[in-house]
Amino acid sequence: MNRNDAEKRIKELREELAYHSRLYYEKDQPEISDFEYDMMFRELLDLEAEFPELDRKDSPTHKVGGKADDKFKKVRHPVKMGSLSDVFSFEEITAFVEKTKVALSEMGEEKIEFTVEPKIDGLSVGLTYENGDLVLGATRGGGEEGEDVTANILTISSIPKKLPSPISLTVRGEVYMPRCEFERLNREKEEAGEKLWANPRNAAAGSLRQLDSEVCAKRGLDIFVFNHQIGDLWPDGRTPATHSDTIHRMGELGFPVIDLLAVTDSTEKILDAIRKLGEARDSLPNDIDGAVIKINSLRQRELLGENTSTPKWAVAYKYPPEEKETKLLDITVQVGRTGVLTPTAELSPVRLAGTSVARATLHNIDIIRERDIRIGDTVIVRKAGDIIPEVVRSLSEKRDGTETVFRFPECCPSCGGRLVFDGADEGDDDFEEGAVRCINAACPAQLERRITHFASKGAMSIDGMGPRTVKLLLENDLISDVADIYTLKKEDIEDLPGMGSLSAENLLSAIERSKTRGASKLLFGLGVRHIGEAASEAICSHFGGIAPMFEAVSDDFLKVDDVGEIMARTLVDFFALPETRELIDRLSSFGVVTEEEKKEAVSADLAGLTFVLTGTLSRLTRSEATEKLKARGAKVAGSVSKKTSFVVAGEAAGSKLDRANELGIKVLSEDELFEMLND
């Protein structure tokens with residue numbers, strides 16, 4: 001690769017890594033798997049090593065984790081909480097061990113031991129004790145500075161609040177969510193119609209960052225303590241000689257420590273310990289994503305020292321994404337709320353990434369054809385992004401002639417209605433090539449999912465009205481559309497299976513509260529194609545409510561930022577339907593608010609200006625910057641167009657910055673924005 005190509009690729013990788021790092025560490029909402037992130041990170045490391053003149057201090061390769069969240073008090077760690085270098089093959093582990101042995105031998109060291117322990121997939125924290133009392137729990141954050149989450153740390157029962165000795169010290173551990181708790185929480189979320197947690201790690205991180213410690217207390221978090229950072233482990237000031245000594249002593253003090261700790265001086269035994277950990281992953285009560293190999297002697301660690309951002313005395317081996325072989329028993333078709341039919345693989349149950357998997361997405365008919373997946377095939381499955389099971393490929397060499405080619409149904413499996421091949425308008429939220437759609441608006445499967453969506457958190461937020469409850473109400477002919485929700489009475493609900501008097505009262509209270517959610521939540525809840533949550537808010541803010549939309553033409557909708565031709569046409573068509581007006585009239589008659597409350601601007605000095613935020617901001621969060629701009633009368637859009645007044649470019653700004661330069665739009669730094677907002 002020449003220098004110009006390397007420079008371009010390095011820029012792309014830094015932008016991608018900054019984006020995904022923020023989602024992972026600060027938002028707990030990953031879009032890609034750890035393995036995909038690690039591969040990009042490794043590629044960037046290799047390019048920076050090959051072209052050192054292109055390396056920069058602000059590169060993701062020189063950073064640890066994410067920045068501390070502004071909603072928590074920030075605290076500085078007494079000792080930097082760093083990260084480890086990752087390796088992905090046994091050859092790299094062997095090279096690390098041999099290189100370390102040579103370096104220490106040259107320093108006159110003879111006995112060189114290593115430890116091997118599981119790499120817990122959770123959130124790294126520091127616990128500080130003064131005279132035996134727990135006084136601070138903090139997240140790692142950027143390594144130097146983290147978030148004070150003491151109130152939430154105190155809810156974790158396995159963390160000792162008072163030590164048996166009056167000592168002062170800081171230890172480091174990994175807060176995690178046991179698999180059983182993760183599965184329980186996701187069952188509850190699914191029942192409530194909420195978005196599921198991506199994986200136990202993100203569930204743990206999201207729980208530990210709850211502002212309400214009572215919520216955190218219900219999440220069943222746990223911890224493993226794996227490092228002594230600073231301070232005395234014994235009242236008499238004794239100092240341990242090895243890492244394994246510190247683990248033993250921390251266990252004596254009451255800390256939960258990892259008992260799967262191997263100590264050896266043999267490369268082969270190190271590799272064998274890693275293999276055994278990998279084989280035991282399914283049987284563990286918690287997720288691990290690798291194994292950590294460390295020098296055991298604390299004195300030898302000091303001799304080796306550290307690189308810029310990682311120690312020279314340890315590495316983390318990352319296991320590749322887990323794939324399993326199983327039998328594809330059948331292919332069924334699910335109908336979504338917008339009518340899209342999605343083929344689903346029915347599998348012989350297989351244990352994958354800690355859970356039993358019996359179903360996996362096949363995405364669309366094109367995927368089935370391209371991968372030549374047949375009913376009866378032996379297939380390879382994995383979890384995309386560590387949560388969504390998918391069929392990777394079929395093993396055609398294992399066919400015995402009994403397999404059958406899947407034929408897409410000629411009519412809707414739910415209502416028997418006509419199916420159309422969807423041209424899949426570009427920009428559609430559920431766009432997929434090869435999409436097939438049921439166009440019957442009265443389709444029962446669509447109705448069930450539309451009502452569930454209407455009641456979901458992002459829409460009307462009706463607690464207790466998840467998929468199970470919606471299905472019960474439909475099966476008992478208590479509702480036939482979303483307006484019927486507001487006709488329900490206690491006697492209708494309390495005798496349903498699994499309900500009762502209290503559940504009925506709680507549900508009716510939630511229904512009553514939903515009436516005041518406002519026009520934007522209502523519009524989003526109606527599930528208009530192409531119209532997401534942000535677009536609903538922008539549209540309702542522009543029109544002031546639902547009523548004016550019945551008279552609006554396409555050009556009226558196009559005046560709203562980020563509304564394009566397809567969205568405008570869809571909205572015009574939707575509000576032209578007689579049944580839409582009838583539905584809104586019924587909702588209004590039940591007291592559902594169809595207007596949008598106008599938020600008064602603090603001042604209007606930025607009125608008429610449109611801002612687009614791109615990249616990572618350090619002084620303000622995106623949401624804070626957006627709120628401050630709107631309070632001054634400005635609009636904040638999601639994409640750059642000729643209507644854009646300013647683009648605010650944070651760290652690792654991407655394509656939006658390029659687009660701004662192409663259009664000649666003024667670009668502001670974060671400092672310039674800060675000055676503008678504080679004039």
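Which of the residues that make up segment 650-679 are at pLDDT below 75 and either surrounded by fewer than 16 Cβ atoms within 10 Å (Cβ to Cβ) or charged (D, E, K, R) (or both)? The answer is Glu651, Ser655, Asp671, Asn678, Asp679. Only strands (runs of 3 or more DSSP E) whose full extent lies in segment 624-679 are considered here, and the ones with at least 2 residues that are without any contact (Cβ under 8 Å) to a residue 40 or more places away in the chain are 646-649, 666-668. Every condition in (1) of a type outside the set (Asp, Glu); (2) modelled with pLDDT under 85; (3) on the phi < 0 side of the Ramachandran plot holds for Leu609 except the one numbered (2).
Based on what the data block shows, is Ile485 assigned to a loop (DSSP other than H, G, I, E, B), of a type outside the set (D, E, K, R) and either touching a helix residue (DSSP H, G or I) at 6+ places or on another chain (Cβ under 9 Å) or surrounded by fewer than 22 Cβ atoms within 10 Å (Cβ to Cβ) (or both)? Judged against the criteria, Ile485 is not a match. From the residues in segment 635-649 that are in contact with a helix residue (DSSP H, G or I) (Cβ under 9 Å, 6 or more places away or on another chain) and not β-branched (Val, Ile, Thr), which one is surrounded by the fewest Cβ atoms within 10 Å (Cβ to Cβ)? Filtering segment 635-649 for residues that are in contact with a helix residue (DSSP H, G or I) (Cβ under 9 Å, 6 or more places away or on another chain) and not β-branched (Val, Ile, Thr), the one surrounded by the fewest Cβ atoms within 10 Å (Cβ to Cβ) comes out as Lys642. Working only within segment 145-176, note down all residues that are part of a strand (DSSP E or B), over 14 Å from Asp212 (Cα atoms) and touching a residue at least 40 places away in the same chain (Cβ under 8 Å). Across segment 145-176, the qualifying residues are Glu145, Gly146, Glu147, Leu169, Thr170, Val171, Arg172, Gly173, Glu174, Val175, Tyr176. Taken over segment 516-573, the residue count meeting the criterion of being under 23 Å from Arg586 (Cα atoms), touching a helix residue (DSSP H, G or I) at 6+ places or on another chain (Cβ under 6 Å) and not acidic (Asp, Glu) is 17.
Looking at the structure I just gave you, is Val97 farther than 25 Å from Ser244 by Cα, of a type in the set (A, V, I, L, M, F, W, C) and touching a strand residue (DSSP E or B) at 6+ places or on another chain (Cβ under 8 Å)? No.
Condition check ((1) assigned to a strand (DSSP E or B); (2) within 35 Å of the chain's Cα centre (by Cα); (3) surrounded by 13 or more Cβ atoms within 10 Å (Cβ to Cβ)) across all residues:
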site: Val263; (1), (2), (3): yes, no, yes
site: Glu268; (1), (2), (3): no, no, no
site: Leu271; (1), (2), (3): no, yes, yes
site: Ile274; (1), (2), (3): no, yes, yes
site: Ala291; (1), (2), (3): yes, yes, yes
site: Lys294; (1), (2), (3): yes, yes, yes
site: Arg299; (1), (2), (3): no, no, no
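Filtering segment 101-136 down to residues that are out of contact with any helix residue (DSSP H, G or I) (no Cβ under 7 Å at 6 or more places or on another chain) and in a helix (DSSP H, G or I), which residue is nearest to Leu261 (Cα to Cα)? Of everything passing the filter in segment 101-136, Lys101 is nearest to Leu261 (Cα to Cα).
Only residues that are buried (at least 20 other Cβ atoms within 10 Å of the Cβ) and either under 30 Å from Thr264 (Cβ atoms) or among the hydroxyl-bearing types (Ser, Thr, Tyr) (or both) were counted across segment 189-220, and they come to 3. If I filter segment 315-336 for residues that are under 25 Å from Leu45 (Cα atoms), assigned to a strand (DSSP E or B) and out of contact with any strand residue (DSSP E or B) (no Cβ under 6 Å at 6 or more places or on another chain), do I get at least one hit? No, segment 315-336 contains no residue that is under 25 Å from Leu45 (Cα atoms), assigned to a strand (DSSP E or B) and out of contact with any strand residue (DSSP E or B) (no Cβ under 6 Å at 6 or more places or on another chain). The C-beta contact set for segment 266-280 (first residue in the same structural domain as Phe96 (by TED's automatic domain parsing), second residue aromatic (Phe, Trp, Tyr), distance under 8 angstrom, 6+ apart or interchain) comprises Ile270/Phe114; Leu271/Phe90; Ile274/Phe90; Ile274/Tyr317; Gly278/Tyr319. Could you list, in sequence order, the residues of segment 221-238 that are in contact (Cβ under 8 Å) with a residue 40 or more places away in the chain and either surrounded by fewer than 18 Cβ atoms within 10 Å (Cβ to Cβ) or not assigned by TED's automatic domain parsing to the domain that holds Ile156 (or both)? Within segment 221-238, Gln229, Ile230, Gly231, Asp232, Trp234, Pro235 qualify. Restricting segment 301-314 to residues that are more than 30 Å from the chain's Cα centre (by Cα) and in a loop (DSSP other than H, G, I, E, B) leaves a set whose member that is surrounded by the most Cβ atoms within 10 Å (Cβ to Cβ) is Trp313.
Within segment 13-48, the residues that satisfy the criterion of being among the acidic types (Asp, Glu) and modelled with pLDDT under 80 are Glu15, Glu16, Glu26, Asp28, Glu31, Asp34, Glu36, Asp38.
The values are calculated or read from the model by the stated rules, or taken from the named source; none is laboratory data. Computed from a predicted structure; not experimentally measured. Glycine also receives a Cβ, built like all others from the backbone with ideal geometry; neighbour counts cover every protein chain displayed.
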